[in-house]
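Novice: Sending over a structure as structure tokens; questions will come in a sec.
Readers should treat all values here as calculations from the given coordinates under stated rules, not as data from a laboratory. It should be emphasised that the depicted structure is a prediction, and the values quoted were computed from it without experimental measurement. In this analysis, Cβ positions are derived from the backbone assuming ideal geometry, glycine residues included, and neighbour counts consider all displayed protein chains.
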Amino acid sequence: MSELRFEDVTIRYGSRRRGMTAADRINLVVPDGSIVGLVGESGSGKSTLARAAVGLTPVSNGRILLDGQPLAQRTGRRRPVQMVFQNPYSSLDPRMTIGDSIAEAIPKGTGSTKRHQEVARLLELVELDSSRSDAYPTHLSGGQRQRVALARALAARPEVVIADEITSALDVSIQGTVLNLVRDLQRELGMSMLFISHNLAVVRYVASTIAVMYLGQIVEYGPATQVLSDPQHPYTRDLLAAIPGTEVGLNSGAAGIVPVAIAAAEPGDPHTPPTGCRYHPRCPVGPLVDADREICRTTEPDHRHRHAAACHFAVADVLTPSGTTPLSEDLTS
């Protein structure tokens, strides 16, 4: 496996006058042999970044590098970055057996006997019986289809795998099984993976590093244990607060002011994002609460704080005060 690096990557859709910037000057590294979790709410630009990495979406500015070499300059038929898509019910061709779907991704030049053996090996690697190779996707559950999608991605012998919300379409009862498989594959194969999700608890279970994305920008980045136990950006705190059983304290003024101000606030428009800090129209520690913090409206923050948090007033409050429950390490319990 290899290192995937995004350098000042900007991705725009539409025309200059009526277009939208889905990813804005993204700098992100997926180190060799590690899993980086990319988290954020719907519309933050996570999937756009993933599609750019596999060549499905053009990059407007910046570079995507694999081991220091631009992906656009990589030669050969094999795609070094492979993607597992969100919906297991639409990512497989219903007219092909799962064996044929996996075999289709195996590099050209592999003989038929070795191809058959490789399909069997990959099915067993994702904990499916090799005898299921003749089955059609309609004969499989959602969790089994997602395992097949993982096997097909690995069949191409990629250097980096991108998993885009691979558990969000699955029942809660089988999400843990797929996540355990991802962790086992990472340990066994040393996979480099960008794991995308809107669920911080899911990302925490598989990733060693977390990047938080909001309105096309990375607002916090750092080791998973540190980001989740000592979040610096208010948006990260709000994502954590949305997890049942987790409470996040914020030093944000008089009691009652924050709930009223935030409830009336509108999320930023991705077509015309707010000036300054993009989170300030919803921020519980910004100008909605403290009028002296006008800098949040006018000046874009840098990433100088702990965990590269892009916030003018990054602070460290207690994540799990007495009587609350921290994020679980085991989603299968």
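Novice: Kindly work out what percent of the DSSP beta bridges joining two residues of the chain are antiparallel, to the nearest 5.
Specialist: For the chain, the DSSP antiparallel bridge percentage is about 55.
Novice: A further question on this structure: In whole angstrom, note down how far apart the Cα centers of the stretch 107-176 and the stretch 42-64 are.
Specialist: Rounded to whole Å, the Cα centres lie 24 Å apart.
Novice: Cut-off 10 angstrom, C-alpha nodes, Gaussian network model of the chain. Which of P231, P223, P244 fluctuates the most?
Specialist: P244
Novice: Out of all DSSP beta bridges with both ends in the stretch 107-221, state the antiparallel percent to the nearest 5.
Specialist: Counting only bridges with both partners in the stretch 107-221, antiparallel ones make up about 50 percent.
Novice: Just the number, please: Stokes-Einstein D of the chain in µm²/s, Kirkwood Rh from C-alpha pairs, 20 °C, 1.002 mPa s.
Specialist: So the translational diffusion coefficient is about 101 µm²/s.
Novice: Let me ask something else about it. If the elastic network links every pair of Cα atoms under 10 Å, which of F195, F85, F313 fluctuates the most in the Gaussian network model of the chain?
Specialist: Looking only at F195, F85, F313, the largest GNM fluctuation is found for F313.
Novice: Which cross-chain or sequence-distant (5 or more) residues have an amide H under 5 Å from the amide H of L38, H modelled 1.01 Å from N in plane?
Specialist: F195, I196, S197, A211
Novice: Follow-up. Which peptide among 99-107, 153-161, 288-296 comes first, and what is the full order, when sorted by highest mean count of other Cβ atoms within 10 Å?
Specialist: Going from most to least packed, we get 153-161, 99-107, 288-296.
Novice: Could you identify which residue out of L49, L239, L150 has the top mean-square fluctuation in a GNM of the chain using Cα springs shorter than 10 Å?
Specialist: Answer for the Gaussian network model of the chain: L239.
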